[in-house]
Amino acid sequence: RVIRIVWTHSAIVDLEHIRSYIAQDSEYYAQALILEIFQFVDQLQRFSKSGRIVPEINEAKTRELIVGSYRLIYEIKGSTAAILTVLHGARLLKKLK
């Protein structure tokens, strides 16, 4: 079943910050990471449960994909997956709700 992907404002801001931080050293690697993240998000349309359950939250509807050193955290609601945040794996997960 194909689901709809929705990016929260917070996740878009996260992505912009990550891209600009990496671009300070390398525009190429910044673009490559963003492309890789979008490729992982594309797979969610068909395989919404492909991510693991987020350990800090431990709810089946809140999952994460690991993309390089980053965690892409999303929540499944019916036929929609909402991208909640994208953060470096070394950072602590803030309260999402």
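The values are calculated or read from the model by the stated rules, or taken from the named source; none is laboratory data. Quantities reported herein were computed from a predicted structural model and do not represent experimental measurements. Glycine gets a Cβ as well: all are built from the backbone with ideal geometry, and neighbour counts include every protein chain shown.
Per this entry, residue 62 is counted among residues that are of a type in the set (Ser, Thr, Tyr), surrounded by 15 or more Cβ atoms within 10 Å (Cβ to Cβ) and within 15 Å of the chain's Cα centre (by Cα). The one condition from (1) free of Cβ contacts under 8 Å to residues at least 24 places away in the same chain; (2) more than 21 Å from residue 3 (Cα to Cα); (3) not basic (Lys, Arg) that residue 68 does not meet is (1). Residue 20 passes every criterion in (1) at positive phi; (2) polar (S, T, N, Q); (3) modelled with pLDDT of 95 or more apart from (1). Given the criteria surrounded by fewer than 16 Cβ atoms within 10 Å (Cβ to Cβ) and in contact (Cβ under 8 Å) with a residue 40 or more places away in the chain, does residue 2 qualify? Judged against the criteria, residue 2 is a match. Looking only at residues of region 65-97 that are at pLDDT below 90 and farther than 17 Å from residue 10 by Cβ, we find that the one that is surrounded by the most Cβ atoms within 10 Å (Cβ to Cβ) is 89.
When region 5-41 is filtered for residues that are surrounded by 11 or more Cβ atoms within 10 Å (Cβ to Cβ), of a type outside the set (D, E, K, R) and more than 23 Å from residue 93 (Cα to Cα), the ones remaining, listed by number, are 23, 26, 29, 31, 32.
Of the strands (runs of 3 or more DSSP E) lying entirely inside the chain, the ones with 1 or more residues being among the small types (Gly, Ala, Ser) are found at 80-88.
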